[in-house]
Every structure is written in structure tokens, then in C-alpha cells.
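The values are calculated or read from the model by the stated rules, or taken from the named source; none is laboratory data. None of these values were measured; they are calculated from a predicted model. A quick note on method: Cβ atoms are made from the backbone with ideal geometry, for glycine too, and the neighbour counts reach across all protein chains shown.
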Amino acid sequence: MRWNFAKHRSVSHRIILSFVFAAALPLFMLGGSAYYLAYSRLEQVALDDARGLAKSLGMDVFERLQLLTDQLLLVAENGATGRALHTRFEDLDLGERVRGFFTIDGQRRIAGITALTAAERTVLQGSLDSVVADSPVLLAVGPGGRQRLFMMVNDGDGYFGAELSLRHLWDTAGVAARPERVCVLDADAVPVFCNHTDYRGWLAASASLMTVNARPGSVRHDNGETMLTASWSLFLKPYYQFERWTILVGVPESLAFASIARFDRVFYGGAVVALLIALAFGRRLIRSNLEPLDRLSAATHHLAAGEFDYRVQLGTGDEFEQLGDAFDGMAARIGQQFRQLDASARLDRELHSATSIESALLSALVALEELLGRGRCALLCQERWHDPGEVYCIGFGAQSVEHCEASDIHEEIHELAVQRGLVPLGYGVGTKQAADEPVLIPVTDGDVVAAVISVRYGRDGDTDTVRRVADVLGIALGNLAMERRLYYQANHDWLSGLPNRSRLHDQFVEWSLSSAGTRAIGMVLIGLDRFKQVNDSVGHTMGDHLLSVVGQRLRAALPDDVVLGRFSGDQFLLMLVDESHAQLLLRLEEQAQCMSRELDREFALGARQVRLSASMGAALHPRDALSFEGMLQCLDAASYAAKASRRGGLLFFSSGMRDRLVGRMDVEQALKGAVANNEMVLHYQPVVDAISGRVRGAEALIRWQRPGVGLVFPGDFIEIAEESGLINEIGRWALGAVCRQMVAWIDAGVHLDTLNVNVSSLQIADDTFEDSVVQALQESGLEPSRLTLEVTETALIGRFDEGVERLKRVRQLGARIMIDDFGTGYASLKYLKMLPIDGLKIDRLFVKDLPDSPADDAIVTAVVSLSRASSFKLVAEGIETRSQAELLRDRGVPYLQGYLFAKALPPEQFVDLVRAMDDAPAPTAAVGSA
């Protein structure tokens, strides 16, 4: 017995030791594996959090800079100075954001900030040498850590700026109180802000992580603590002419792995219990419970393999069962932690790549069901941009997104949640009234509630889990709203809200590809007539308002299948598609008539009521052109022809229109170098004394000696010169050439009283008109009284008072003013009385039917009486027959001009004509001999 007992005891010890070893080995293997997995996962999460925090802080700083820029621009645009400046900023509540305001005038004098050293003022003034004037400027002055930060915007006369509060700028989201290490570095890696004082060793060790594309990593610095560090660069050069800031975030290892402490306690506690049980009851347990040990051993292998749902479930009723329960609890907690980490990471990836509200909601639902269980969550989201009021929802247990029908799109989302039956009536967001009633968790994007998550059968910790999902979902919904907003802005006109040129192009391409030649596309370019007069008379602001109202009215009057967009300026573009060309033509004409009626209705323009008309050009695809740009060329040609022929009408494109438009463009391009290349010449038509038959003056008529074409008359290029703005250059040249020619003739002994030159209405409207006259007279030395400017009655219509004042000042110089084509314009005798003129020219309209027209004879007699009473010089033009000349002389017209005497001649031929007519005999013979 003694031997057996000793033998049994020795075997028992060996078995106990073997059991202890067998129990301890898998436990520690499990602990090491789980610890390694948890450590790796937590380290990655901490690095991601550091990277995310760095980016979030950088974006917060950028948003604050953007807000300050907008507010500075607002004050700069209002032109506030002095006390008004400070009052304006108090209205904007910028007290905590800025430390002071200042201005820099055109001489770079600084006003507004007194606490600046001479060196700082010099730096601030010198910085203006290298900045772009139209862009905001961000400037840091001083060494790192003690820098002063200034922001400046151009206010037209100089710069307007403010010194930024660094505490407000950097301390975003309570950075100063956060346990993470946060430093902001400038482009030279010099710290400008750190939320902790013991940062130097950490910064020195993190030098390799400060580059733009550096990956996050672990940094061990002087005090022995390891920091999980990431950086993010905030590039400011395109926005503020400032290099960049790099935000460096370090998460202490103790903070990152705090959650693993629970694992340590549970695991090592369980291991100690297991070993104590093994030691205390080894013999009995070894004999009767080898199976539970095997099951525990197997469980450790499952857990090490990542099978966290595997359970031991021992039913021995002893300590092994307790050990198994502890093991199962530990596995459940570890599995829950890993599932939360995996779900959060996966949700973050899926939401950031979501392209629609539906996909974002489904991704959030999958994550919630994985974390909380199936059928416990419902979601509801209201669209805020693309289709405001559209409500999406996923009910409890549902797996697809439905479109909810809301009677009032302005209802609060939690009220819609009640209406949809997701929560009981009377619930408020984020409240819980009973254990079995759902809880509403708001999903916010900034200050806006974008969605609601409803959770039922709540347990401890569920709210925090759902809030984490809600935060990520809110960011994703905000990004989707921003993307849709940017898409809308890129495809719609900001003024009228109608599709812009880019969207019209896309619609055309979509129609042309889908039709495959079976359908025709009709397009109408609607150009408002004389819209420039609206801007000139009431200002561009009212003009923009009128364009917006016009767009809204036309859109409301057109069918839904008609696309209407704002093309550019005062032009709108209509597009529609139809199977039949004939039907399409009819529809285009119907829509054109509809738009003409709408434009003819009165528009309220301030205190005025105005009516509009439009010239419309139409073209068909594919008949007239195949591409969008080709169609636009056709529309331009048709619209131009419509404006030129019949304002307010619709004209369809024809091939001849393009040729005429190309011809006009060629003329305009050739005109641009005509004056510089000395291609312009003047011909002179004599003005004859009706009594003596002698030449007393001449009218200078411009001709264009176009290379490769020959002599071009004014009717073929003056209108184009006026439309293109080249008339001022041509007019200035003509004034100078006439004055120089008159002086040359005087020196040569050619005796003329005056030379006449025609002046366009655009010349009179130009601010340099008076200077052009003065320059021509001074450079030539011509006596001003020998220069006569011919203007038409209609040249001053629209800007009458301004034109009259300019003509008065020209007349005060000594030059003469004569009304050309008198009687054919819109001016009344009232306007004639107000004009500063010296003479009248009877238009050929009243001469061509003489002597057979009693009405024209009476008009001429009346004009003669008017000119004599007003002491006006009177000239009749367009005389082609002897009988016309004799009648006009008999009626008392003193000066005559026309083909009867001579056409417009080059200077040399004109001089020969003057000398020949001066040698002519009797007056009557002179009249009849030419």
C-alpha cells in the first residue's frame, strides 16, 4: 500500500503538472494571439484617427479662414472706414476671431493697427510686391510660436485686412484640451502652434512624417513614450498666396491601447482561476474532467483562429463550467470589439464611396444590423438638394429603401418618423420613454438634421454605437449634398436657374445619340432686342433681375418637353425633339409665337413697366448641322439675319445666312488693320454756291482701299465698323485727315470756306470725342471755323442731353455743327431748338421728286424760311438734274450738292474741279454746265 500510494502520488503530481501545463499553454497562446491582433488593430485605428483628426483640424482651420475672407470682402465691398468699420465688424460678431483691423492705401500707408513694430510694418508693406492683387493674402509675421497672422483683401483702392486671433484659429474642436499631441508647422517645419508644451522631442523624432505624402507611423521620442503619429498638409497657395501648414497629430500609446486593459484583466484573471482550480482539484478533475479540458483547449484554437462566435458551453456544474463561462465571456467581448472595429472601418469606406442616398442608407443599415442585430433599426432621410422634400426610409426588418410620401415636405424629420410609424406619437429626437419603445438618434450634417435612426429594444451601450454610425452617415450625406449642389451649379445658370450652355450641350448630345437619325432636334436662339438700353438706363442690377424674370416667365409658358436655357448675356436657347421634321417646324413656330406673346406682356422694372421683343433664329439637326457647335453657328447666322430684317420675328437658317455672316466677319477682321495700314482714303464732293456757281466747300466721304478687293464704299463697311467699335478709330483718322487736307489746300491757294466731315453717333457717345477734335485741329493748325461736323438728328437719341453738351463744347472751340439728312429723323422742332447747330442739310428724299412734287416744294420752302429765321446755313444735297437746281435756287437755297456738279473725287481731281468751276462764266451757266 505504501508503494502504491507513493506511486499514485508521483503519478498524480505528474498528471497535475501535465494538466497545468496543458491548460496554461493554450491560454497563453490565446492571450498572445488575441493580444497581438488587438494591439495591431488598435494601432491601425489610432493611426487612422490621428490622420482623420489632422485632416479635420486642417479643414476646420480652412473653413474659418474662408469665413473670415468672406466677411472681410463684405466689409471691403461696403467701403466701411473708421468708426463705421468697427461698427460693421461688431455686426458680424468677429470679436473672438480677429484682434484688430487695418487698411493699406495705394501709398502703402497702414492705418487701423497701432501695436505694430517698425519691422512688422516694413514686412507687411513689402509683402505687397509679390502678391496677386485680386486674391486674398495670408501673411505670417514673426518667429514660429510668436507669429502674428494677418489676412488682407483688395478693396479697389488698396488692401483691407485684419489680424487673426491665433487662439480662435487653432483651437478648433477644443484642441487645447485634447490628450492627443497636436502641432501646426509652417512650410519650413517650424511649429506655429502646439497644444502641449512637451512637444520638441516628439517633433524632432517625427521629422520623416512631415512630408506631404508621408504615411502615419509610430514615433518614440526622448521621454520614452511612443506616439502614433500622422500628418496632413493644408495647402493655401491657391487661395491665400501662402505656402502651407502641416498639422501633426500624435496619439499617446497609453491612450491608443487603453481599451486593451480590460482584455488583460479578463484573460489573466481567467488564467489564474484556471490554474488555481487545476492545482486545488487536479487529481479529481484529471480523473473525471479530461473532456472539459479538451473542449477548452479546442476553444482556444478557435479563438486564436478568429472564430469569436465559438462557445465552450461546459455543463459540469463545477469550476470547469465557470472557467468555460469566463472564457466564453472573454471571447464574446473580444469578438464584439473586433466586429465593431471591422464594421466601423467597412462603413467608413462604403459611405465615402457612396454615390446615392439609397446606397449610403443601406450601408449604414448593414453596419447597424451587424453591431446590434437584425430588425432592431429603422432609418429615415430627407433629401435637401436634388429633390427637396423627397423622403427615403427603411423600416424595421426591411432590406430596401422606400420613397416615403410626405404631405408636407417642410415637416420635421422626427415628425415624419412618427408619421411613418417608426416611433410612437409624442417622441422627441434622442429621447427614450419606456424600455420597449424606440429611441430616435439624429443624423446631423452641421446644424441640420439630415436623417433619423430609430432603435428599438435598446440595451446599454447601444446609443453610443448608433451615434458613431450616425456621425459617419452624417458626413457621407453632407458630402452627397455638396456633390449634388456642385453638379447643379455647374449645369445651371446662377441668375435664372435655367440650364446653362454646358447642360444644353449635354442634352443635345444625349438627344442626338438616342435618336440615331430617327428624330429631328429643333433649336431656337432668342436674343432680346435693345436689351443694352435697359442696362444703360436702369443699371445692370435691374437688368439682371429682368433677365431672371424673363427666364422664369418663358419657362412657365413652355411645355415640359421643351428645354429652355440661358445661353449667354441677353440670349436664351430653346431645344425640342420630334419624330417629324414638318411637325417640328410647326412646334418651333408655335413656341416662338408663345414666347413673343409672353415678352410683349408688361414687366415690372422698378417703377417702370416695360415690354420686350426678341429676334429669334432657328435651325434643325441634322438638316443644318450635325454638331452642337455647328448648330450654334447656324443659330447665330439666323438670329443676326432676324435682327437685321425684322425685329421680333423668327427666321429659320439658310445657307446664304452663313455666307453673309462669314463675309461680315471677314470685313470686320480686315477693318482692324485698315487705319494702321493706310488703307482708308477720303474723297471730296463739292458744295456749290447756287448764285455764283463757285465751289465754297466740300463734304469728305470715306473710302476703303481694301487689298485684293479694290475701293469699298461706306455702305459696305461703316455699319460693321459701328457694331465692332472700330468706328471711333476710323472717325479719329478722318478728322485728322480732313484738317490736314484743308491746311494743304489753303497753302496751295485753293480757296474753300469749310470742309465737312460726318460724325457717327458712337463717336459722339465716346468720352474721347472732344479730345479727338482738339487734337486734329491743334496738330494740323487749321482754323476751327473751317471745320464742319455733320451729325444726323437720330445720332443723339437715347443720350440727348449728354450729346448736346459735347456738341456745345466742340462748337465753343470754333468748329461748326450741321444737321445732316434734315427731316428724315425722329427729332421734333423742340429738339432742333435745343441743338447747338450752325446749319441744315436738306435730305435727297425731299429733292429727288422736284420739281414735280408740290409737297416736297412746300417742305423745301418751309425749311428755307426756318433756316433764314434761325440764321442757319442751308445746303440741299442729292441734286441730279438742272431743273432741281434751278427750283432750289429760286426758293432761296444758297448751297447745292449732288451728282449734277460732281461725284466725290480724290483730292487731286477735286482741286482740278474747283479751279475749273472758279473759271466758269455766268451763274446760270454754272448751274447747267456740270
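A few notes on this one:
- Residue 63 at pLDDT 85 or above, among the acidic types (Asp, Glu), surrounded by fewer than 19 Cβ atoms within 10 Å (Cβ to Cβ) and closer than 21 Å to residue 168 by Cα: yes
- Residue in region 222-229 that is within 20 Å of residue 49 (Cα to Cα), in the same structural domain as residue 249 (by TED's automatic domain parsing) and under 36 Å from the mean Cα position of the chain (by Cα) present: no
- When the helices (runs of 4 or more DSSP H) confined to region 711-779 are screened for residues that are within 24 Å of residue 873 (Cα to Cα) and touching a Pro at 6+ places or on another chain (Cβ under 9 Å), those reaching at least 2 such residues are found at 727-747.
- Of everything in region 592-611 that is touching a strand residue (DSSP E or B) at 6+ places or on another chain (Cβ under 6 Å) and not charged (D, E, K, R), the residue that is nearest to residue 556 (Cα to Cα) is 599.
Quick grid of which residues meet (1) at pLDDT below 85; (2) farther than 30 Å from residue 349 by Cβ:
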{"site": "465", "(1), (2)": "yes, no"}
{"site": "469", "(1), (2)": "yes, no"}
{"site": "479", "(1), (2)": "yes, no"}
{"site": "540", "(1), (2)": "yes, yes"}
{"site": "552", "(1), (2)": "no, yes"}
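- Residues of region 757-778 that are of a type in the set (A, V, I, L, M, F, W, C) and touching a Ser or Thr at 6+ places or on another chain (Cβ under 8 Å): 757 alone.
- Here region 149-175 is the region considered, the condition is being outside any strand (DSSP E or B) and touching a Lys or Arg at 6+ places or on another chain (Cβ under 9 Å), and the residue that is nearest to residue 104 (Cα to Cα) is 158.
- Scanning region 522-533 for residues that are assigned to a helix (DSSP H, G or I) and either at pLDDT 80 or above or under 25 Å from the mean Cα position of the chain (by Cα) (or both) yields a count of 2.
- For first residues located in region 140-160 and in the same structural domain as residue 125 (by TED's automatic domain parsing), partners that are basic (Lys, Arg) and modelled with pLDDT of 80 or more and lie 6+ apart or on another chain with Cβ distances below 8 Å form the pairs 140/148; 141/148; 142/148; 158/108.
- Residues of region 304-331 that are modelled with pLDDT under 75 and of a type outside the set (Asp, Glu): 306, 308, 313, 314, 315, 316, 317, 320.
- Filtered residue count, region 259-302, keeping only those that are closer than 19 Å to residue 337 by Cβ and modelled with pLDDT of 75 or more: 3
- Region 684-712 - residue that is more than 23 Å from residue 785 (Cα to Cα) and of a type in the set (A, V, I, L, M) and, of those, farthest from the chain's Cα centre (by Cα): 711
- Residue check, residue 658 of a type outside the set (A, V, I, L, M, F, W, C), on the phi < 0 side of the Ramachandran plot and modelled with pLDDT under 85: yes
- Residue in region 575-590 that is crowded, with 16+ Cβ neighbours inside 10 Å and closer than 19 Å to residue 496 by Cα present: yes
- Residue in region 182-203 that is in contact with a His (Cβ under 9 Å, 6 or more places away or on another chain), assigned by TED's automatic domain parsing to the domain that holds residue 120, part of a strand (DSSP E or B) and touching a residue at least 24 places away in the same chain (Cβ under 8 Å) present: yes
- Residue in region 626-634 that is under 23 Å from residue 552 (Cβ atoms) and within 28 Å of the chain's Cα centre (by Cα) present: no
- Residues of region 464-521 that turn out to be farther than 30 Å from residue 452 by Cβ and in a helix (DSSP H, G or I), as a count: 17
- When the residues of region 154-184 are filtered to those that are of a type in the set (Gly, Ala, Ser), surrounded by fewer than 22 Cβ atoms within 10 Å (Cβ to Cβ) and in contact with a Ser or Thr (Cβ under 9 Å, 6 or more places away or on another chain), the one that is nearest to residue 73 (Cα to Cα) is 158.
- Some residue of region 68-89 being surrounded by 14 or more Cβ atoms within 10 Å (Cβ to Cβ), modelled with pLDDT of 75 or more and not in a helix (DSSP H, G or I): no
- Checked against (1) modelled with pLDDT of 75 or more; (2) outside any loop (DSSP other than H, G, I, E, B), residue 400 passes all but condition (2).
- Those residues of region 839-874 which are touching a Pro at 6+ places or on another chain (Cβ under 8 Å) and closer than 24 Å to residue 755 by Cα, in sequence order: 873, 874
- Any hit, region 639-647, residues being among the polar types (S, T, N, Q) and buried (at least 18 other Cβ atoms within 10 Å of the Cβ): yes
- Any hit, region 570-584, residues being among the small types (Gly, Ala, Ser) and in contact with a Phe, Trp or Tyr (Cβ under 9 Å, 6 or more places away or on another chain): no
- Taking region 101-147 as the range and being under 27 Å from residue 238 (Cβ atoms) and part of a strand (DSSP E or B) as the test, the residues that pass are 101, 102, 103, 104, 110, 137, 138, 139, 140, 141.
- A count restricted to region 110-153 and to residues that are farther than 23 Å from residue 188 by Cα and buried (at least 19 other Cβ atoms within 10 Å of the Cβ) stands at 3.
This table checks each residue for (1) more than 26 Å from residue 508 (Cβ to Cβ); (2) at pLDDT 80 or above; (3) surrounded by 20 or more Cβ atoms within 10 Å (Cβ to Cβ); (4) not assigned by TED's automatic domain parsing to the domain that holds residue 890.
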{"position": "617", "(1), (2), (3), (4)": "no, yes, yes, yes"}
{"position": "624", "(1), (2), (3), (4)": "no, yes, yes, yes"}
{"position": "631", "(1), (2), (3), (4)": "no, yes, yes, yes"}
{"position": "634", "(1), (2), (3), (4)": "no, yes, yes, yes"}
{"position": "663", "(1), (2), (3), (4)": "yes, no, no, yes"}
{"position": "691", "(1), (2), (3), (4)": "yes, yes, no, no"}
